[in-house]
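Engineer: Pasting a structure here, questions to come.
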Amino acid sequence: MSLVGYSKKKQQSQLTAWDHTLAGGLSGGIGRLILQPLDVAKIRMQLQVEARQARKYSGLFNLILQMGREEGVRSLWKGHVSAQLLSISYGISSFGAFEVFTKLSYQRRLQRANSGKGKEGDSKYKPLEHFVCGSLGGCVGTLTSLPFDVIRTRMVAQPEGNKMYLSVRDAAAKLHAEGGFRAFYKGLVPTLAAIGPQTGLQFGFYTLFTQILESLVTAHDDLLKHEVMTSFGSLFCGALAGLSSKLSVYPLDTIKKRLQISGWQGRQGLGTTPSYSGTLHCARDVVAREGLHGLYKGMGPALVKAAVASSLNFWLYEHICYLLALRFSLDTS
């Protein structure tokens, strides 16, 4: 039994809303620490307008080598403080909201069952239910964390030898001076359009794969006295969910990153930085300048990161929830 999402069986674990938000925040923060270099590489490649011989980075390994040589190994963790704030705030709000929405959905089914209009048990359409609840959770997480994402993107995008932003606080102050409160929500439309479905697909695919592979990815736990996800199960199903969801919405992620630095002058030496009037203008301009391929720039490191990040996040979330559930089991023993 997976500890992701509310269910009748999961009531045995006695986990609280605070347990889920803690697990979401910790899984986001630990995963970010490990995967920040891949995210930095993805952003640099997404923001590279030039093609072929004119481009600065020819691929993932070339980018990592160049950044290490020109800007130092620490540059691969550029913007890590803002990225941690992004991941922790997103993990807390998205997982917390997801658990709330799945619980509300279960309670609604229970009410229907009590009135004779349905069954009390878990829905056979659970993956679809988790897609909807995950999409809503992703939107809540986006609204909470997007300011940190904009700051992180700007800090990653600037070259080491020509920094415009010296710290997260400095970046926040300059962003506010540049465009007020709205500057922190640049790229909100494509972000919601991408992250909502992507998060929903992650939760939906994770639930689908855990159902299909249930006999292979779960085992009986003597302490909790019910089935739990194995480490292999959560890692494997999480990786499949991350790959499937990222492939579905990747062009919107590229557009979001381009909008977040639209017209910004802090990338000197790293290539052209066009200005865009909105989401559609950005999409048309990218396709006109770079072809459809331009919408998929940086997809290599993005898919690697998506698979590993989703795998780690679900494993960490399941494991932290398991450890938190143990305290109830130990109290009663």
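Engineer: Within region 1-28, how many residues turn out to be modelled with pLDDT under 80 and over 20 Å from Ser310 (Cβ atoms)?
Structural biologist: The number of residues fulfilling the criteria is 9.
Engineer: How do the pairs read when you match residues in region 270-290 that are within 21 Å of Val156 (Cα to Cα) with residues anywhere that are of a type in the set (Phe, Trp, Tyr), using Cβ under 7 Å and keeping only pairs 6 or more apart or on different chains?
Structural biologist: Short answer, once both residue conditions are applied: Thr273/Trp264; Cys282/Tyr276.
Engineer: Identify, from the list Phe181, Phe148, the residue that is more than 22 Å from the chain's Cα centre (by Cα) and open to solvent by 50 Å² or more (accessible area, probe 1.4 Å).
Structural biologist: None of the others qualify; the one that does is Phe181.
Engineer: Moving on. Which one of these is small (Gly, Ala, Ser) and open to solvent by 10 Å² or more (accessible area, probe 1.4 Å): Ser105, Ser94, Ser75, Ser7?
Structural biologist: Exactly one residue qualifies, and that residue is Ser105.
Engineer: Within region 283-304, can you find the residues that are part of a helix (DSSP H, G or I) and either crowded, with 22+ Cβ neighbours inside 10 Å or at positive phi (or both)?
Structural biologist: Scanning region 283-304 gives Val286, Pro301, Ala302.
Engineer: Restricting attention to helices (runs of 4 or more DSSP H) lying wholly within region 166-228, give those where 3 or more residues are free of Cβ contacts under 8 Å to residues at least 40 places away in the same chain.
Structural biologist: Filter on region 166-228 gives 168-179, 214-217.
Engineer: Then there's this: Within region 229-254, can you find the residues that are hydrophobic (A, V, I, L, M, F, W, C) and either open to solvent by 60 Å² or more (accessible area, probe 1.4 Å) or part of a helix (DSSP H, G or I) (or both)?
Structural biologist: Phe232, Leu235, Phe236, Cys237, Ala239, Leu240, Ala241, Leu243, Leu247, Val249, Leu252
The values are calculated or read from the model by the stated rules, or taken from the named source; none is laboratory data. Computed from a predicted structure; not experimentally measured. Please note: Cβ atoms are built from the backbone with ideal geometry, for glycine as well, and neighbour counts cover all protein chains shown. Surface accessibility is based on the protein's heavy atoms, side chains included, excluding ligands, DNA and RNA. Shrake-Rupley method; radii C 1.70, N 1.55, O 1.52, S 1.80 Å.
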